[in-house]
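**Q** Below are the structure tokens for one structure; questions will follow.
The values are calculated or read from the model by the stated rules, or taken from the named source; none is laboratory data. These numbers come from a predicted model, not from an experiment. Ideal geometry is used to build each Cβ from the backbone, glycine not excepted, and the neighbour counts take in all protein chains shown. Heads up: the accessible areas ignore ligands, DNA and RNA and are worked out on the full protein's heavy atoms, side chains in. Shrake-Rupley method; radii C 1.70, N 1.55, O 1.52, S 1.80 Å.
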Amino acid sequence: MLQITNASLGLRFRRQLLYWFFYDGGYINASAEGVSIRTGLELSRDPAGRMKVSNVSCQASVSRMHVAFGGTFKKVYDFLSTFITSGMRFLLNQQICPVLYHAGTVLLNALLDTVPVRSSVDELVGIDYSLMKDPVASTSNLDMDFRGAFFPLTERNWSLPNRAVEPQLQEEERMVYVAFSEFFFDSAMESYFRAGALQLSLVGDKVPHDLDILLRATYFGSIVLLSPAVIDSPLKLELRVLAPPRCTIKPSGTTVSVTASVTIALVPPDKPEVQLSSMTMDARLSAKMALRGKALRTQLDLRRFRIYSNHSALESLALIPLQAPLKTMLQIGVMPMLNERTWRGVQIPLPEGINFVREVVTNHAGFLTIGADLHFAKGLREVIEKNRPADIGASTAPPPSTAAV
């Protein structure tokens, strides 16, 4: 709702009339006082899941008008001022609500069309920000429930069942609060898993030199039994995530649990690779979230790391010397690649020209909230002019119920 009471408007007109030998020129200065406007926007969800202004209610009135005339025939206009003023007041009363209706249903909807609903994050994954239901307006808040789910671009109809805790928003220090449940992050990681992105293969010179030497020494007994043509072949280290990683959000912090297989093999040229060992890796990453502009960014850090064999406890003991170098390799070689992608961030659904500032991140049990204020990087008029429909100049009349009284 928007309510304006006892406002004033100033209008200035220049008149010029030439008819045969009859000429009239001058000005009209008019002021409207006691202007009252009460308008309300009905917000809804359209079929695409985008927020729309579905209707505009309006009541407007002008209590008093004063008019001053100048130029030729000033006294004639002064004599007719009562009729002219009444006519101008009547016309002004009739124009306010149609202008507001057009601004809401056309111009403001053009701005809302710039909010991304279902878009690509990169070449593998997209995100769905469609509204789940109509926005709910209360006396102090506007609440919107977005889907907030990632999906593989090759499986656009796939969706992960949402079993996460329903976020609760209670803070009110910032203009906007956005809550992200564990489902938001789990759907992202499962989408990348289904897209085949959670795997890494290092061959030959890509394997760190010190780790190459250590691995060859560890599996020396197996290597010497191989054919001489295979012994000096390039080493291959392959990491493959076995199941979609899972996110856990607690007041103490956010963690991501990952289980992956680690395969070590020799890759002789033009021959099948020779596997030396296969092990399982459990890793736990800490995640720090930040909001910059419109992008939700994540910084990952490797906290816990463990490798073990699926074959025997004795082989697991033999893998203990590999723990430290493999962890170092992950921290130096793998984590920077992950962080380079996660720090690019994911766009939050905001209209063009509006960014978040003064962000604050708070962890809760099962979800986190990010509070921020809004900053208009562009003027609304500039954004609306850029995105207005081609037929914007057409007359858009409000329904009779919204006409001015």
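**Q** Just the Cα atoms of segment 69-204: what Rg and Dmax do they give in Å?
**A** Looking at segment 69-204, its Cα Rg and Dmax stand at 27.6, 99 Å.
**Q** Got a sec to turn the phi values of segment 122-133 into Karplus ³J(HN,Hα) couplings, 6.51 cos²θ - 1.76 cosθ + 1.60 with θ = phi - 60°, whole Hz, x for Gly and Pro?
**A** Values, residue by residue: 8, 6, 10, 10, x, 9, 10, 10, 5, 5, 7, 7 Hz.
**Q** Quick one: Karplus J couplings for segment 372-388, per residue in order, coefficients 6.51, -1.76, 1.60, θ = phi - 60°, nearest Hz, x for Gly and Pro?
**A** Ordered by residue, 3J(HN,Hα) equals 7, 9, 9, 10, 8, 6, 10, x, 4, 4, 5, 5, 5, 4, 5, 10, 5 Hz.
**Q** Moving on to the next point. For the chain, what's the relative contact order in percent, using C-alpha pairs closer than 8 Å and at least 6 residues apart?
**A** That works out to 15 percent.
**Q** Output the peptides 52-59, 223-230 sorted from most to least packed, where packing is the average of other Cβ atoms within 10 Å over each peptide's residues.
**A** Per-residue Cβ counts within 10 Å, averaged per peptide and sorted highest first, yield 52-59, 223-230.
**Q** Among L368, S31, P116, whose Cα sits farthest toward the positive end of the charge dipole of the chain (+1 at Cβ of Lys/Arg, -1 at Cβ of Asp/Glu, about the Cα centre)?
**A** Farthest towards the positive end: S31.
**Q** Also, quick follow-up: Using the Cα centre of segment 225-352 as origin and beta-carbon charges of +1 (Lys, Arg) and -1 (Asp, Glu), tell me which of H311, T298, L350 is placed farthest towards the positive end of the dipole.
**A** The Cα lying farthest towards the positive end belongs to L350.
**Q** Just want the answer: with Cβ charges of +1 for Lys and Arg and -1 for Asp and Glu, which residue in Y177, F13, G333 is farthest toward the dipole's positive end in the chain?
**A** F13
**Q** Report the convex hull volume per residue for segment 1-135, counting only C-alpha atoms, in Å³. Walk me through the numbers before you get to the answer.
**A** Details: hull volume 21.9 nm³, N = 135.
Convex hull of Cα atoms, per residue: 162 Å³.
**Q** Where Lys and Arg each count +1 and Asp and Glu each count -1, what net charge lies around R358 among other residues with Cβ under 15 Å from its Cβ?
**A** So the environment of R358 carries a net charge of -2.
**Q** Suppose each label sits 7 Å from its Cα in the direction of the beta carbon; what would the A137-L18 distance come out to in nanometres?
**A** The answer from the label model is 5.0 nm.
**Q** Can you give the local net charge around T328? Use residues other than it whose beta-carbon is closer than 15 angstrom to its beta-carbon, Lys and Arg +1, Asp and Glu -1.
**A** +1
**Q** Separate question: Expected output is a single nm value to one decimal: the length gained when fully extending between S316 and D78, i.e. 0.36 nm times separation in residues minus the C-alpha distance. What is it?
**A** 75.4 nm
**Q** Using a Förster radius of 51 Å, what is the FRET efficiency between T5 and L153 based on their Cβ-Cβ separation? Nearest 0.05, please.
**A** 0.45
**Q** If you don't mind, there's one more thing I want to ask. Let me see the P(r) profile for the chain: every Cα-Cα distance counted, bins of 10 Å, each bin given as a percent of all pairs.
**A** It works out to 4, 16, 20, 16, 13, 10, 8, 6, 4, 3, 1, 0, in whole percents.
**Q** In what sequence, largest accessible area first, do H209, H66 appear using a 1.4 Å probe?
**A** If we order H209, H66 from most to least accessible, we get H209, H66.
**Q** Then there is this: Give the longest segment of the chain that steers clear of GluC sites (Glu not before Pro) in DSSP loops with at most 16 neighbouring Cβ atoms within 10 Å, not counting the sites themselves.
**A** Numbers: sites that count: E123, E155, E171, E172, E173, E273.
Between the exposed loop sites, the longest stretch runs 274-405.
**Q** Here's something else I'd like to know. How much net charge surrounds R303 when only other residues with a Cβ under 14 Å from its Cβ are counted (Lys, Arg +1; Asp, Glu -1)?
**A** Local net charge: +4.
**Q** Order the following by accessible area, largest value first: K386, K236, K250. Probe radius 1.4 Å; ligands, DNA and RNA are ignored.
**A** Ranking K386, K236, K250 by accessible area, largest first, yields K386, K250, K236.
**Q** Specify the inter-centroid distance of segment 37-78 and segment 147-173, based on alpha-carbon positions, in whole Å.
**A** The distance from the Cα centre of segment 37-78 to that of segment 147-173 comes to 41 Å.
**Q** Given a Förster radius of 30 Å and the C-beta distance between D205 and N339 as r, what FRET efficiency does 1/(1 + (r/R0)^6) yield to the nearest 0.05?
**A** Given R0 = 30 Å and the Cβ-Cβ separation, E is 0.85.
**Q** Sticking with this structure for a sec: With a 1.4 Å probe and every protein chain left in place, work out the accessible area per residue of the chain in Å², rounded to a whole number.
**A** 57
**Q** Rank L2, L326 by accessible area, highest first, at a 1.4 Å probe radius?
**A** Reading off the accessible areas and sorting them downward yields L2, L326.
**Q** Between T280 and R163, what's the calculated FRET efficiency when r is the beta-carbon distance and R0 is 41 Å? Round to 0.05.
**A** 0.95
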